[in-house]
Amino acid sequence: MDLSQLLNDINDFVWGPIMLAFLVGTGIFLTVRLKFLPWINLWYAIKMIMLHKADKQGDLSPFQSLMTALSATIGTGNIVGVATAMVLGGPGAIVWMWISAAFGLSTKYAESVLAVKYRETNSVGEMAGGPMYAMKNGIGGGFGKLMATLFALFAVCASFGIGNMTQANSISSAFSSLGISTEVTGIILVVCSLAVLIRGVRSIGKVSSFIVPSMAFFYILFTVIIIIVNFENVPGGLAIMFQMAFSTEAVAGGVGGSIVASMLTAMRWGVARGVFSNEAGLGSAPIAAAAARTDHASRQGYVNMTGTFFDTMIICFLTGLVIASSDVLGSVDPETGKLISGAPLTILAFSTVYGEGAKYIVSIALAMFAYSTILGWEYYGEKSLEYLVKARPVIIGYRIVFSLITFIGATQTLDVVWNFSDTMNGLMAIPNLLCLVILNKDIANECFEYQKEFIAKGK
């Protein structure tokens, strides 16, 4: 067995039914444990986003912290992942994305609470936090430190692949379809990445707080226009989504054409792509939450959980509805005879309204989403490396190397590297989810205390 096949097999297990059940199961457990407060307080959490507590300890405003987390979360999964899920799992996969995201709100809230509660201050006065510090300071002992080390190691490895090369390759592929060479794209990426990353977390926070809302607004605007134009197909699209999501037998639907899927298939691909998109339970977003200026761990927990809402419940859902209402799902490529999937399917859906301009809209959106992911994941990788190695020169070196590697990602296709990083990304979830279960009492105490002292008093 070659290395590529071995990594494929490991990947199938890491992202297989057992892991997905563990991810969603933890979300269900935490939702019940917290008495459904993350759901009840969702509107409160959305209002909290704009609250700026400049006098509190931390590196970023609550809004910048959320945008840094969202920059890493909103990525190719929102365009490519949704289309792939609908081809492999049918339109019903979108419903299961929603369901997994609903429980993911509680998971994202919980891991962010622990990140702020157990964060530390590093040698240059920056906040250092995330699952590794919750494991070290919350669980403690040899077991806690071992989990922390493993999580940090997995995160550093994942940052170079899932957070860098795969994103850079998506950008170069998008622009190559517009006639720009991969080498030119690679050089531009290196320069743009270095310019932001070399100055650290505050620079990432400032850039993310501009790029993320802007790109999300324009993408949502373009998708809503398509849905309005194709509105006569929306009721049928929604109906077939729910029919295929809960059908016990494999069925084919109107918007699916030749797409045939059962409830289990829809569930598998919907949950898998949903988790891959919003990262709830993987332990990445809380690293950004730990940098926030906030007066209570629970406040930032609520702010950060909205990332799952915006990423999956809004952007992924709109992409899915665009595809469903455009009557393109199930289209076959005349040259290969295979079902059209991924970015080409999303472009096909956009072309029903924007014609040739669809290629430019989706390509630019894909590039911006992927670039923001590079920025966010560098911060995750840097803070994880900082946990393992305290020397500042190593951290600065990481920023430079991380920026340079975007060129390799843009110009090369390294399947083995991508499979390895994909596996590392999945493995991050194991110690993180164990930590959430073990420290569920800490999370509940923070949640109920905040509910009593702040929300009940309207603060």
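Computed quantities for the displayed model
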| item | result |
| --- | --- |
| Order of PHE276, PHE350 under a 10 Å beta carbon neighbour criterion, fewest first | PHE276, PHE350 |
| Relative contact order (percent, whole number), the chain, Cα cutoff 8 Å, 6+ residue spacing | 36 |
| Ranked list, fewest to most other Cβ atoms within 10 Å of each Cβ, for THR84, THR308 | THR84, THR308 |
| Cα convex hull volume per residue for the range 28-180 (Å³) | 183 |
| Once exposed loop GluC sites (Glu not before Pro) are cut out (DSSP; at most 13 other Cβ, 10 Å), longest piece of the chain | 1-248 |
| Over the range 3-455, volume per residue of the alpha carbon convex hull, in Å³ | 135 |
| The range 267-316 and the range 155-201: distance between their alpha carbon centers, rounded to Å | 23 |
| Equivalent-ellipsoid semi-axes of the range 147-215, from the Cα gyration tensor, Å, largest first | 25, 18, 11 |
| Candidates per trypsin sites (Lys or Arg not before Pro) in the range 370-412, loop by DSSP, up to 14 other Cβ within 10 Å | LYS390 |
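Values in this text are rule-based calculations from the coordinates and carry no lab data. In this text, all values refer to a predicted model and were calculated from it rather than measured experimentally. We place every Cβ from the backbone using ideal geometry, glycine too, and count neighbours over all the protein chains shown.
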